[in-house]
Amino acid sequence: MAQIFEGWTETVGKPTLASNARMSARGVDVFYGDKQAIFGVDLDIGKNQVLAMIGPSGCGKSTFLRTLNRMNDTIDICQIKGEIKLDEENIYGKKMDVVNLRARVGMVFQKPNPFPKSIYDNVAYGPRIHGLVTRKAELDEVVETALRKASIWDEVKDRLDQPATGLSGGQQQRLCIARTIAVSPEVILMDEPCSALDPIATARIEELITELAENYTIAIVTHSMQQAARVSQRTAYFHLGRLVEVGDTDKIFTAPEHRLTEDYITGRFG
């Protein structure tokens, strides 16, 4: 591959994990009108693994994250090229049900965004619209299980009928995670889920991510290299829309192969 900018020729490290990949991206380009934002990304996300995506602001990591459940479809001028598979099924194929895809690949956003409904109805919303339950007792069980998995049940079990907007920021984010997992996704995408939270709430979310990885595949975008080091098994470094390096988190942070990765991790820029 021809050199695109100084210090970069092609992705180094191990961009693929063919033996246990839950999601696979190959040759992914993203355009906003005439402007290209992502260039030829090849990347796998392993089953029951946390992949952290790091890099300077505007490097394309959040844009790439949104390609994984077609959130960019909501932007008229956005065009995606390449192939992304979930369990060997092309998510951009004509037969893909996008609503079902977003249940299978859930998203937790940067700022907590609870619906203007009760705590209970926030978590029950997905199972209801997807027809996952038929009886109230079943729905009650789904709601309780999701809230327990999100480590917030004990804090809200006595006020499920109260507005979700009355919760603290950290509680709201855990509620949003509960809402995501209530529809039994295969993959959870997190776009800087702790950036609006205080250190105590951030620690709770990080503990939760580690727990959830036992049952879910997780991809997280974070500006915090410390957070990436704490919660992930693999780390991908993006720079100017290109995947520069990817590999085991410990190796990325102690012995990166690429100069751009080393410069970012050591604080020379970013």
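Name the residues in the stretch 160-219 that are assigned to a strand (DSSP E or B) and surrounded by fewer than 16 Cβ atoms within 10 Å (Cβ to Cβ), would you? First the steps, then the outcome.
Our first condition is that a residue be assigned to a strand (DSSP E or B); within the stretch 160-219, this holds for 163, 187-191, 217-219.
Residue satisfying the conditions is Pro163 alone.
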- Yes/no for Lys94 being free of Cβ contacts under 8 Å to residues at least 12 places away in the same chain, more than 14 Å from the chain's Cα centre (by Cα) and more than 15 Å from Val187 (Cβ to Cβ): yes
- Message: Any residue in the stretch 105-125 that is under 29 Å from Thr67 (Cβ atoms) and free of Cβ contacts under 8 Å to residues at least 24 places away in the same chain sitting within a Cβ distance under 6 Å of a residue that is crowded, with 22+ Cβ neighbours inside 10 Å and small (Gly, Ala, Ser)? List the pairs, counting only those 6 or more apart or interchain.
- Response: none
- Task: Hey, could you check the stretch 220-270 for residues that are assigned to a loop (DSSP other than H, G, I, E, B) and in contact with a Phe, Trp or Tyr (Cβ under 6 Å, 6 or more places away or on another chain) and say which is surrounded by the most Cβ atoms within 10 Å (Cβ to Cβ)?
- Result: Gly241
- Which of the residues spanning the stretch 148-196 are touching a residue at least 40 places away in the same chain (Cβ under 8 Å), aliphatic (A, V, I, L, M) and over 19 Å from Phe109 (Cβ atoms)? Leu160
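A quick yes/no check of all residues on (1) in contact with a Pro (Cβ under 7 Å, 6 or more places away or on another chain); (2) at pLDDT below 95; (3) part of a loop (DSSP other than H, G, I, E, B); (4) under 19 Å from Tyr264 (Cβ atoms):
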| position | (1), (2), (3), (4) |
| --- | --- |
| Pro15 | no, yes, yes, yes |
| Arg22 | no, yes, no, no |
| Val28 | no, no, no, no |
| Ala37 | no, no, no, yes |
- Message: Quick check on the stretch 99-147: of everything there that is of a type in the set (A, V, I, L, M, F, W, C) and assigned to a loop (DSSP other than H, G, I, E, B), which residue is farthest from the chain's Cα centre (by Cα)?
- Response: Val133
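Could you pull out the residue among Asn48, Asn100 that is out of contact with any His (no Cβ under 7 Å at 6 or more places or on another chain), within 18 Å of Ile177 (Cα to Cα), in contact (Cβ under 8 Å) with a residue 40 or more places away in the chain and surrounded by fewer than 17 Cβ atoms within 10 Å (Cβ to Cβ)?
Details: Asn100 fails: in contact (Cβ under 8 Å) with a residue 40 or more places away in the chain.
Just one listed residue meets the conditions, Asn48.
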- Query: Regarding Asp87, is this residue touching a residue at least 60 places away in the same chain (Cβ under 8 Å), acidic (Asp, Glu) and either surrounded by 15 or more Cβ atoms within 10 Å (Cβ to Cβ) or at positive phi (or both)?
  - Reply: yes
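The values are calculated or read from the model by the stated rules, or taken from the named source; none is laboratory data. Keep in mind that this is a model prediction, so the values were computed, not measured. A quick note on method: Cβ atoms are made from the backbone with ideal geometry, for glycine too, and the neighbour counts reach across all protein chains shown.
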